[in-house]
Every structure is written in structure tokens, then in C-alpha cells.
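A short worksheet on the structure shown next.
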Amino acid sequence: MATSPVAPSPVGIPKSRVRQLMAASIGNVVEWFDWYTYSFLTVYFAEQIFPKSGTNSLVPVLSAFAVFAVGFFMRPLGGLLVGAFADRYGRKAAMTFTIILMGGGSLLLAVTPTYATAGVLAPIILTLARLIQGLSVGGEFAAATTFLVESAPPGRRGLFSSFQYVSTTIGQLFASGLAALLAANLAEADMNSYGWRIPFVVGAVISLVGLWIRKGAEETSAVVSEIQEGKAERPGLFEFLVRYPTKAAMIVGITVAGTVAYYTWTTFLPTYAQQNVSFDKGESLTVSTISLVFFMILQPLLGMLSDRVGRRPMLITFGLAFTILPVPLLGMLTNSFSSLLFIQCLGMIFLGCFTSVSAAVNSELFPTRVRAAGAGFPYSLTVAIFGGTAPLIGTALKDAGNSGLFPWYMSALALVSTLVYVFALKETKDQPLS
């Protein structure tokens, strides 16, 4: 007969909340540095790892991006397995595991042999590295976001939650900056031979720094000690789904609009502008960089606002804005610098109402016992299905001559999430985490 879960014992106040913030954030920086470095540098390593088709020179690039997509779909598995590990053995242990995975995947990419020297082993090693990275990305969200929110002092969970996307944006900016620096200072032949490997070595080194920072972090789970001592039953792999199916479904509803809006506004919008209004490629990257810095600065400000007004008003504001604005905003896009900058920054103000509170809301929905897996798996699954495919859907609609449908697609998903925010989600700001 199964033992009933016992009430969690309180966890002590961390000696250094700054150390807790750094411990959670460093993993996100590394994760997204590695993730975006791969996409930025694909043009340099694709032909070396994947052999050309006899007639199509695009085969290497397409193959490299196919491997990128495979890594994306490992994220839900990471959210489930590492989330369950974090619930059973603690957030700190899970975060140590994910940062080792990150560093290992990055190092494996750095030493991947070329097809000329290793044959079919080269793409196999590259694919393995991406699978490891995809697993670690999903697991990092499950463990680090719960750790972040559980580390927060009373009344500051929104602020701490916002650092999830502060660190994500730092990783993205670092990746684009280092890739641009190397491309500007190395000849193309050098970038093709060894230059593309340098950022992955950097990622592995940063992982070691992150491992040291996380070593000094303090456990935040209020029940893991009882589970380890046998005073509470170990949570099952799918216990969060069996006991709280409505909350798991709610995370899907909460996330679906946010993830499509996030990947569109932070990643795909410059490409969308290039495809639809012939926007200059160099200028679009400049606009993207400026708007990402703006987006990063917004996160803690909006997180603190949510600690005052609540999570629901923030999410409803985001949902209504993205139900109404995508069609007129993208419709007024022109090839002028100020047009794209205004549209991207305005969208990011409302997007920040989602990203700044996402980790807090997900964590506040579930009890400590199943929080990491309960928050991590549905979120990562939704991101893989909807967020990861947003650029693909936008490009496919453009190729089919229906690019005007993409903003309507965003608005429809935003309406779905808005209905969840208004009618299904209760305010969680003042709910005790235990």
C-alpha cells in the first residue's frame, strides 16, 4: 500500500539569494549560448559534416537544421526525466546534472570530426551532441525555474522568475556577438576549418564555471529530505499528470501563445521582414540586437510589477495584446529601420508580460512534491510543438503565397491562451509554494 505524502518541512532561508540567482541563471546562459551558436554557425560547418548531394548544394544546411529540430524535440523528454529527478533528488542535484550535460554536448560539438576524416561517424556525433543539448535544455527549465522561484523571498517570486528570460537573452546576445566577432576577424577558410569550433569550446568552459557556482547553491525543495529518508513516498514519473491533469493542461494553455509570440518576436521577425518587405539583412540583425537588450531590461521591471498586481493581470494584458496586435502591426511593417524597431520593441513590451511571470506561474500551480516535472514537461512539450515550429510555419505560409495568414495564426493561439487566463487561471501571487 502506497504511503501518503507528508507535509513538507520548511526549507531554511538561503545564505545568499544572489548566489541562488547566479546558480540558476548561469545554466540558462550556457544553454542558450550553445543553442543559438549552433544556428548562427551552421553555414560554416554544415558542408564539412554532411556530404553534398550531387545536384543540391543546400543539402548540408538542410541536414544541419534537421538535426537542430531533432534537438528541439528532445526538450519534452528532458523536462519529464530531469524534472522527475529534481522532484526525487533535489533541484541542486538536477541542475548539476544538466550543466554537466551542457558542457559535454558543447565539447562534443567542438571536437566533431569532418565527414572527410570520419565518414558517417561525423553526422552521428553531431546528432548525438544535439540530442544531449536538447535533453539538457528541457531539463534545465524544469529544475532551474523551480529552483529560481523557490529561492525567492516572500513577495519577490515574480522578480526572481523574470531572471529566466534575462539569462536566456544574455546567452542569445553572447552567441550572436561572438559569432559576429569571429566572422569579422577570421577569413572564411579559417571559419570553415576551425573558427566555428571556438564558441563551443567557450560554452564548455563556461559550463565548468557554472558547475563551480552551482556547487555553492542551497537546496530549495521542501520535501526532498523526507523522500530521501523514506518518510515520504518517492513521486512517480507521471504523478503530476495523474494527480493534477487539469493543471498540466492549464500549463499548455498558458504557454501556447507565449511560446509562439516569443520565437516570432525574438528570433523569426527579422527573417519575416526580409521575406515580406525585402528588409536589409544587416539592418535586421542590428534591430534584433537592440530590441533584445530592451527586452532583457524589461524582464525584472515587469517581474516586480507582477509581484504588486498579480500574475493574471500581466497574462491577460499579454493575451489581449497578441490577440489584437499581430495583424495590424505586421501589416504596417515596411523596409525602414524605424518601422521594424518600433514593431519589435512594442511587441516585446507585451511579450514581457508573459515571459517575466512564466516561471512563477508554472511553479505556483504545482505542489513542491511534483513541481519540477509538473511545470517542466507540459511547458517543454508545448514549446517544442508550437514555439519550435513558428518560424517553419511562417516560412511555409510565405512560400505558399499566404504570408498574411501568419499573424492571424498568432492571434488565434493568443485568443486560446487569453480564454485560459480569464476563465481558468486563479491568481497565484500570494499562494504559499509548499
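The values are calculated or read from the model by the stated rules, or taken from the named source; none is laboratory data. This one's a predicted model, so the numbers in the text were calculated from it and none came from an experiment. Every residue, glycine among them, receives a Cβ derived from its backbone with ideal geometry; neighbour counts consider all protein chains shown. Keep in mind that these areas ignore ligands, DNA and RNA; they rest on the heavy atoms of the full protein, side chains included. Shrake-Rupley method; radii C 1.70, N 1.55, O 1.52, S 1.80 Å.
What is the extension gain from R156 to K52, computed as 0.36 nm multiplied by their sequence separation minus the C-alpha to C-alpha distance, in nm to one decimal? Spell out each step's value before the answer.
Numbers: separation 104, 0.36 × 104 = 37.44 nm, distance 5.32 nm.
So the chain would gain 32.1 nm between R156 and K52.
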Per-pair calculated FRET efficiency, R0 = 51 Å: E233 and T289 via Cβ, rounded to 0.05: 0.55
Show that you can apply the helix-only estimate: for the chain, add -39,500 (n - 2.57) for every DSSP H stretch of four or more residues, divide by all residues, and state [θ] at 222 nm to the nearest 500. -25000 deg cm²/dmol
For the chain, modelled as a GNM with alpha-carbon contacts under 10 angstrom, which of A152, A187, A261 fluctuates the most? A187
Which residue fluctuates the most in the chain, going by a Gaussian network model with Cα springs under 10 Å, if the choices are I290, I26, I251? I290
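Quick check: residue separation of K215 and I297 times 0.36 nm, minus the Cα distance between them. What number comes out in nm?
Values: separation 82, 0.36 × 82 = 29.52 nm, distance 2.80 nm.
Residue separation times 0.36 nm, minus the Cα-Cα distance, leaves 26.7 nm.
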May I have the extent of the alpha carbons of the chain along their three principal axes, as whole Å values ordered from largest to smallest? 64, 51, 38
Once the whole set of protein chains is in place, how much accessible area is left on T395, using a 1.4 Å probe, in Å² to the nearest 10? 40
Choice from F40, F318, F85 showing the highest fluctuation, given a GNM over the chain with Cα pairs closer than 10 Å: F40
For the chain, longest principal axis from Cα atoms; helix 198-215 axis from its Cα atoms; angle between them, nearest 10 degrees, is 10
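What fraction, in whole percent, of alpha-carbon pairs in the stretch 160-278 exceed 18 Å separation?
Numbers: 5308 of 7021 pairs.
For the stretch 160-278, the share of Cα pairs beyond 18 Å comes to 76 percent.
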Rounding to the nearest 10 and keeping the result within 0 to 90°, find how far the Cα-based axis of helix 371-382 lies from the longest principal axis of the chain. 30
How many nm is it between the label spots at K426 and L405, if each spot is 7 Å from the Cα in line with the beta carbon? 4.1
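Report the local net charge at S207: Lys and Arg +1, Asp and Glu -1, summed over other residues whose C-beta lies under 15 Å from its C-beta.
On the way: positive: R214, K215; negative: E31, D34, E140.
With Lys, Arg at +1 and Asp, Glu at -1, the neighbours total -1.
Can you list, largest first and rounded to whole Å, the semi-axes you get for the stretch 208-364 by taking the square root of 5 times each eigenvalue of its Cα gyration tensor? Could you put the intermediate results ahead of the total?
On the way: eigenvalues 284, 75, 44 Å².
Square roots of five times the eigenvalues give 38, 19, 15 Å.
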In the full protein assembly as shown, how much of R243 is accessible to a 1.4 Å probe, in Å² to the nearest 10? 120
What length, rounded to one decimal in nm, is gained on full extension from V205 through to A412, with 0.36 nm per residue of separation minus their alpha-carbon distance? 70.3 nm
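Just add up the charged neighbours of W196: K/R +1, D/E -1, any other residue whose Cβ is under 12 Å from the Cβ of W196. Walk me through the intermediate numbers first.
Values: positive: R197; negative: E47, E188, D190.
Once positives and negatives cancel, what remains is -2.
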For the pair M304 and V327, how long in nm is the line joining their label points, each one 7 Å along Cα→Cβ? 3.8
So for K15, K281, K92, K426, what's the accessible-area order with a 1.4 Å probe, most first? K15, K426, K281, K92
Lysine pair count for the chain [Cα-Cα under 23 Å; pairs on different chains or 8 or more apart]: 7
